[in-house]
1. When the residues of the range 164-208 are narrowed to those that are free of Cβ contacts under 8 Å to residues at least 12 places away in the same chain and either hydroxyl-bearing (Ser, Thr, Tyr) or touching a strand residue (DSSP E or B) at 6+ places or on another chain (Cβ under 6 Å) (or both), which ends up farthest from Leu16 (Cα to Cα)?
2. Anything in the range 153-170 that is farther than 23 Å from Ser84 by Cα and touching a helix residue (DSSP H, G or I) at 6+ places or on another chain (Cβ under 6 Å)? List them, or say none.
3. What number of residues within the range 68-98 are surrounded by 23 or more Cβ atoms within 10 Å (Cβ to Cβ), over 11 Å from the mean Cα position of the chain (by Cα) and either of a type outside the set (Val, Ile, Thr) or closer than 22 Å to Ile129 by Cβ (or both)?
4. Of all residues in the range 48-104, count the ones that are in a loop (DSSP other than H, G, I, E, B) and on the phi > 0 side of the Ramachandran plot.
5. Report, by residue number, each residue of the range 152-179 that is farther than 16 Å from Leu115 by Cα, among the hydrophobic types (A, V, I, L, M, F, W, C) and over 17 Å from the mean Cα position of the chain (by Cα).
6. Out of Glu190, Glu176, which single residue is over 16 Å from Thr111 (Cα atoms), of a type outside the set (S, T, N, Q), in a helix (DSSP H, G or I) and in contact with a His (Cβ under 8 Å, 6 or more places away or on another chain)?
7. Do we find a residue being at pLDDT below 95, of a type in the set (D, E, K, R) and either assigned to a loop (DSSP other than H, G, I, E, B) or surrounded by fewer than 14 Cβ atoms within 10 Å (Cβ to Cβ) (or both) anywhere in the range 16-23?
8. Report yes if Ser172 is of a type outside the set (Lys, Arg), out of contact with any Gly (no Cβ under 9 Å at 6 or more places or on another chain) and crowded, with 18+ Cβ neighbours inside 10 Å, otherwise no.
Amino acid sequence: MIPALEALSRLREGNLRFVAEQREDATAGRVRRREVAVAQEPFAIILGCSDSRVPAEIVFDQGLGDLFVIRVAGNIVAPSQIGSVEFATERFDTRLVVVLGHTQCGAILATLEELARPTVARSKNLRSIVSRIRPAVRELMYAKPPLGHEALVRQSVRANIRVSASHLRHGSTMLEQAIRDNGLIVVGAEYSLETGLVDFFDGVPGPR
């Protein structure tokens with residue numbers, strides 16, 4: 001078991017290697033495949049967006065068996081995502097959960113478009129994603145004075161990350177107990193498509 005803060009340091013160091021284009025030879029060879037075929041011990045759980053430009057193992061420079069990754073458009077938190085996080089914390093004793101959003105998130109843009117101009121064209125399944133993001137961004141959409149488009153998108157991405165992280169912290173009795181008794185930490189982070197850097201900005205203990 002790797003403590004949450006040590007796991008967070010590993011992710012930060014891996015991301016800096018990724019940005020510097022100094023990625024380590026990822027542990028994906030035959031020996032590692034055999035090791036993880038027997039058992040896995042992921043040191044962090046990543047609840048991230050499905051966007052093809054944000055593969056967690058690459059942006060954190062990690063290999064086979066290092067991360068337990070859950071991906072869904074808009075990094076939303078629904079019962080299946082909560083259950084997946086509960087499963088990993090209970091089965092593998094993983095102590096760090098990261099909600100990973102990213103700049104220019106398409107699900108955020110779709111939600112803002114829906115708020116500005118509601119439509120019935122989307123399927124009920126797509127609308128369910130928008131519906132989970134809407135509460136996080138509604139106040140920003142109608143802020144006074146109004147925000148410019150870029151500021152609105154930027155702040156909405158972060159607001160949605162914060163809401164998802166909070167939902168994990170307070171939406172599960174099992175996770176609440178793990179936070180209280182076992183040192184589980186849930187943090188929110190934003191990946192920059194432009195720079196490759198990940199900013200851990202929500203729920204990080206101590207000085208940043």
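The values are calculated or read from the model by the stated rules, or taken from the named source; none is laboratory data. Keep in mind that this is a model prediction, so the values were computed, not measured. Because the Cβ atoms are built from the backbone with ideal geometry, glycine has one as well, and the counts that use them run over all protein chains shown.
1. The residue in question is Thr173.
2. Step one: list which residues in the range 153-170 are farther than 23 Å from Ser84 by Cα, which gives 153-156.
Passing the criteria: Gln155, Ser156.
3. Total meeting the criteria: 4.
4. Taking the range 48-104 first, the residues in a loop (DSSP other than H, G, I, E, B) are 49-55, 60-66, 72, 76-78, 93-95, 103-104.
Next, from what is left, pick out any that are on the phi > 0 side of the Ramachandran plot: 61, 65, 93, 104.
Within the range 48-104, residues that are in a loop (DSSP other than H, G, I, E, B) and on the phi > 0 side of the Ramachandran plot number 4.
5. Within the range 152-179, Met174, Ala178, Ile179 qualify.
6. Working: Glu190 fails: in a helix (DSSP H, G or I).
Criteria check complete, one pass: Glu176.
7. Within the range 16-23, the subset at pLDDT below 95 is 21-23.
Adding the requirement that they be of a type in the set (D, E, K, R) leaves 21, 23.
Next, only the ones that are either assigned to a loop (DSSP other than H, G, I, E, B) or surrounded by fewer than 14 Cβ atoms within 10 Å (Cβ to Cβ) (or both) stay: 21, 23.
Yes, the range 16-23 contains at least one residue that is at pLDDT below 95, of a type in the set (D, E, K, R) and either assigned to a loop (DSSP other than H, G, I, E, B) or surrounded by fewer than 14 Cβ atoms within 10 Å (Cβ to Cβ) (or both).
8. Numbers: of a type outside the set (Lys, Arg): yes; out of contact with any Gly (no Cβ under 9 Å at 6 or more places or on another chain): no; crowded, with 18+ Cβ neighbours inside 10 Å: yes.
So Ser172 does not fit the description; no.
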